[in-house]
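Asks: Sharing a structure, written as structure tokens. Questions coming.
What follows draws every value from the coordinates through simple rules; no lab data is involved. The model shown is predicted, which means the values in this text are computed figures rather than measured ones. Please note: Cβ atoms are built from the backbone with ideal geometry, for glycine as well, and neighbour counts cover all protein chains shown.
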Amino acid sequence: MIKYEGYAITFTEVPDEVSVCINITNCQGTCKGCHSPQLRENIGRDLEADLPRILDDNKDNATCVCFMGEGNDPYALGKCILMAKQAGFKTCLYSGRNDVNIAYQYSLDYIKIGEYIEDKGGLNKETTNQRFFQIKHFPVDITYRFKRRES
């Protein structure tokens, strides 16, 4: 079972998409400085059971479903990604792994890879180790889209 602890509609997690961002729990990562350490815990509701309602409630408001983490059940995660795709949404996964190839395993449209390293910062920092890819026939690194412009 894959569990989640809430979701939000955002404009910033996936460039050019309005995303339903779902906070997946049972995170296997141990990133120092994690902004949501509670997501490491075995808490929340069954995503597979709630996802049809979440998708239906947001079908007119969003274009993408962004899974914020992988949890501890890859099979259930794959089923949820497929559910979102079948409902007409693009899909994104925020992963702490360093392997872009998992995007093809799940037929994702977007993927963020790389653990959070506190002194390197997130996607909006020039020093980040994380990468954000749009998946077409091959991965296209669009991390630059997150960099903040200085005024």
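Asks: Can you flag which of LYS120/LYS147; LYS32/LYS147; LYS59/LYS90; LYS90/LYS136 are past 18 Å Cα-Cα? Working shown, then result.
Replies: Numbers: LYS120/LYS147 13 Å; LYS32/LYS147 22 Å; LYS59/LYS90 11 Å; LYS90/LYS136 12 Å.
Beyond 18 Å: LYS32/LYS147.
Asks: Please return the longest stretch of the chain lacking exposed loop sites, where GluC sites (Glu not before Pro) count only if DSSP places them in a loop and at most 13 other Cβ atoms lie within 10 Å.
Replies: Numbers: sites that count: GLU41, GLU118, GLU126, GLU150.
That gives 42-117 as the longest site-free run.
Asks: Counting other C-beta atoms within 10 Å, which of TYR4, TYR106 has the fewest, and how do the rest follow?
Replies: Values: TYR4 25, TYR106 21.
In increasing order of surrounding Cβ atoms, one gets TYR106, TYR4.
Asks: Below 8 Å, C-alpha to C-alpha, sequence gap of six or more: please give me the relative contact order for region 3-146 in percent.
Replies: Working: 287 pairs, mean separation 27.9, N = 144.
Relative contact order, region 3-146: 19 percent.
Asks: Identify the trypsin sites (Lys or Arg not before Pro) of region 1-97 meeting these criteria: DSSP loop state and at most 14 other C-beta atoms within 10 Å of the C-beta.
Replies: Numbers: sites: LYS3, LYS32, ARG40, ARG45, ARG53, LYS59, LYS79, LYS85, LYS90, ARG97; in loops: LYS32, LYS59, ARG97.
Answer by residue number: LYS32, LYS59.
Asks: Further, regarding this structure: Among HIS137, HIS35, what is the fewest-to-most ranking by other Cβ atoms within 10 Å? Intermediate values should be presented prior to the final figure.
Replies: Numbers: HIS137 5, HIS35 8.
Fewest to most other Cβ atoms nearby, the residues stand as HIS137, HIS35.
Asks: Taking the Cβ of each residue in MET1, MET83, MET68 as the centre, tally the other Cβ atoms inside 10 Å and list the residues starting with the fewest. Please report the intermediate quantities before stating the final value.
Replies: On the way: MET1 14, MET83 18, MET68 25.
The most exposed by this proxy come first: MET1, MET83, MET68.
Asks: Once you sort the root eigenvalues of the Cα gyration tensor of region 3-146 as a ≥ b ≥ c, which label holds: rounded (a/c under 1.5), prolate (a/b larger than b/c) or oblate (the other case)?
Replies: Numbers: a/c = 1.55, a/b = 1.19, b/c = 1.31.
Because a/c hits 1.5 or more and a/b fails to exceed b/c, region 3-146 counts as oblate.
Asks: For the chain, give the share of DSSP beta bridges that are antiparallel, in percent and rounded to the nearest 5; count only bridges with both residues there.
Replies: Of those bridges, close to 50 percent are antiparallel.
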